[in-house]
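Structure record follows, encoded as structure tokens.
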Amino acid sequence: MNKSTKALNTTLDRLPLGEANMSEGLKVSGKLPEGVKSKELYKDIVRIAWPSFVELLLTQLVSMADMMMVGGIGGEANPQLGVDAITAVGLTTQPKFLLMTAFVALNTGVTALIARYKGQGDKEKANLVLRQGMMLTFISTFILSVLGVLFSKPMVIFMGGKGDAIISQATVYLQIQLAGFATVALTSTITAALRAVGDSRTCMVYNMIANIVNVIFNWLLIGGKLGFPELGVAGASIATVIGQLVAFVIALCVILRGNSFLKLELKKGFKPNKTMLSNITAIGIPAAVEQLLMRAGMVIFAKTVASLSDISFATHQVCMNIQALSFMTGQAFAVSATSLVGQSLGRKRSDMAQAYCSKTRNVGFFVALLLTVTFAFWGGDIVSLYNKDPGIIEMGGRIMLFVAFLQPFQTSQFIIAGGLRGAGDTKSTAKITTVTVLFVRPIIAILLVNAGLDLYGAWIALACDQLLRSALVFLRYNSGKWKLIKIKNEAKTS
């Protein structure tokens, strides 16, 4: 067996099929299945999570480097140019993520289904899901890309863009991002498929290469080095698109070559399969609703923050960028939870599904504590890497205390939600998101900001959202109802 397929086999593969102890019903407990040791589970979890963690970490570090390079425009002689650039890039974040909703949701269905079929050992159905997922992703992102480019400026203005210079920079940045939308979308579908079978190492490799390319072109195009034009904010966007294109080419080559379980066979075509499309959308549509509601809430939240001063908004963008780095822990271990829960349920081993999810939370919690200490003691120093404005550094250091406090709750929430999605339980997460992100966060933010708490009021609202969401996700997982979710298996693979 070669290295690229080693991660496909887990402790689960040596266990008998369908021998979960259903006598305990929906109860979720910490008791391990007979013949299974904690050490084995931790080994499976880390084997899938560490490449995802490295990949996501490096991706976010590149995003931070983008923001730092953009924030450095103007240098110490004119730091306001850097503040304007950070503001311009920040205005594009929510519109871009909102348009990403379609393929993010579809990928949730792709991951859950392929993980199930991996558990069942059904290669044909798993590869059919891959082809159907890529077809849906291409169609949806092509339409969204065209619409996004045409309406970039109105979206920037809607997000609270002020001043011709900032609006112009933000519009160009967003248009360039959306012009390359299809490549990042298709790459994400391939990544979702590979992670579903536990092959996160391959994803790490091609994303690492793409990130290196991104940083190199950032240096060349933002400041105009080695004879390249000095493009500023537009250069940062072009560099990102070039990196994404490189990732897509490598990912496509990988999946065309195939591994021991997944392979994209073009000769089998992309003809729509009614049953499989139904399976994907049954999981994907609730995920899409969740993403849309989440983005709608975040747009309202972002517009509330955008109404503050330029310093407050720039500080918010910097701290959100740093907080996104902390997401990497939860998201990386959520990859393990999604893959292993899905595979376990595919083998009718709900006992293994809950064992994997429980142990994944344990690992994620300890990593989150390390981040808590880091952000609490050195948050201000990290903020200063983005911009030297004293106002941003002072306010940012205080906001980082919120980021530090939320780490353990945030990480556990990501992991448990990942397990629920691996089971195909996307309806419950959509309902939870509706309550917390669409209502709790923006309403509290509006009230507290208008009460004079400035940016601190917005972050109190964000903390309330995260704490409530964590509690509701845990209650859903603890109910055990996710164990009962079924998928249709009548799809023909030819």
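Okay, here's what the table says:
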{"item": "Scope the stretch 2-46; condition in a helix (DSSP H, G or I), modelled with pLDDT of 60 or more and surrounded by fewer than 18 Cβ atoms within 10 Å (Cβ to Cβ); matching residues", "result": "Asp13, Arg14, Ser38, Lys39, Glu40, Tyr42, Lys43, Val46"}
{"item": "Per-region count, the stretch 143-154, residues over 21 Å from the mean Cα position of the chain (by Cα) and not in a loop (DSSP other than H, G, I, E, B)", "result": "8"}
{"item": "Filter result for the condition that a residue is buried (at least 19 other Cβ atoms within 10 Å of the Cβ), among the hydroxyl-bearing types (Ser, Thr, Tyr) and modelled with pLDDT under 90, over Thr493, Thr436, Thr429", "result": "Thr429"}
{"item": "Complete set of residues in the stretch 122-139 that are buried (at least 17 other Cβ atoms within 10 Å of the Cβ) and without any contact (Cβ under 8 Å) to a residue 40 or more places away in the chain", "result": "Asp122"}
{"item": "Members of the stretch 94-142 found to be among the small types (Gly, Ala, Ser) and over 17 Å from Ser344 (Cα atoms), listed by number", "result": "Ala102, Ala105, Gly133, Ser140"}
{"item": "Filter pass, Ala445 being small (Gly, Ala, Ser) and touching a His at 6+ places or on another chain (Cβ under 8 Å)", "result": "no"}
{"item": "Among (1) of a type in the set (Ser, Thr, Tyr); (2) out of contact with any Pro (no Cβ under 8 Å at 6 or more places or on another chain); (3) under 26 Å from Lys118 (Cα atoms); (4) modelled with pLDDT under 85 - the single one Thr187 does not satisfy", "result": "(4)"}
{"item": "Where Val110 falls short, out of the listed (1) more than 30 Å from Thr10 (Cβ to Cβ); (2) surrounded by 24 or more Cβ atoms within 10 Å (Cβ to Cβ)", "result": "(1)"}
{"item": "Filter result for Leu325 (modelled with pLDDT of 90 or more, part of a helix (DSSP H, G or I), farther than 21 Å from Tyr477 by Cβ and under 21 Å from the mean Cα position of the chain (by Cα))", "result": "no"}
{"item": "Top-ranked residue in the stretch 397-426 [being modelled with pLDDT of 90 or more and of a type in the set (Val, Ile, Thr); ranked as nearest to Tyr477 (Cα to Cα)]", "result": "Ile416"}
{"item": "Yes/no for Phe217 being touching a helix residue (DSSP H, G or I) at 6+ places or on another chain (Cβ under 8 Å) and within 23 Å of Ala112 (Cα to Cα)", "result": "no"}
{"item": "Selection status of Thr202, among the hydroxyl-bearing types (Ser, Thr, Tyr) and closer than 15 Å to Val104 by Cβ", "result": "no"}
{"item": "Residue in the stretch 245-295 that is farthest from Thr338 (Cα to Cα), counting only those that are surrounded by fewer than 17 Cβ atoms within 10 Å (Cβ to Cβ) and of a type in the set (Gly, Ala, Ser)", "result": "Gly269"}
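Residues checked against (1) in a helix (DSSP H, G or I); (2) touching a helix residue (DSSP H, G or I) at 6+ places or on another chain (Cβ under 7 Å); (3) at pLDDT below 85:
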position: Val54; (1), (2), (3): yes, yes, yes
position: Met64; (1), (2), (3): yes, yes, yes
position: Ala77; (1), (2), (3): no, no, yes
position: Ile86; (1), (2), (3): yes, yes, yes
position: Val104; (1), (2), (3): yes, yes, yes
position: Val110; (1), (2), (3): yes, yes, no
position: Met135; (1), (2), (3): yes, no, no
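The values are calculated or read from the model by the stated rules, or taken from the named source; none is laboratory data. The shown structure was predicted, so the numbers you read here are calculated from the model rather than taken from an experiment. FYI the Cβ positions are ideal-geometry reconstructions off the backbone, even for glycines, and counts take in every protein chain you see.
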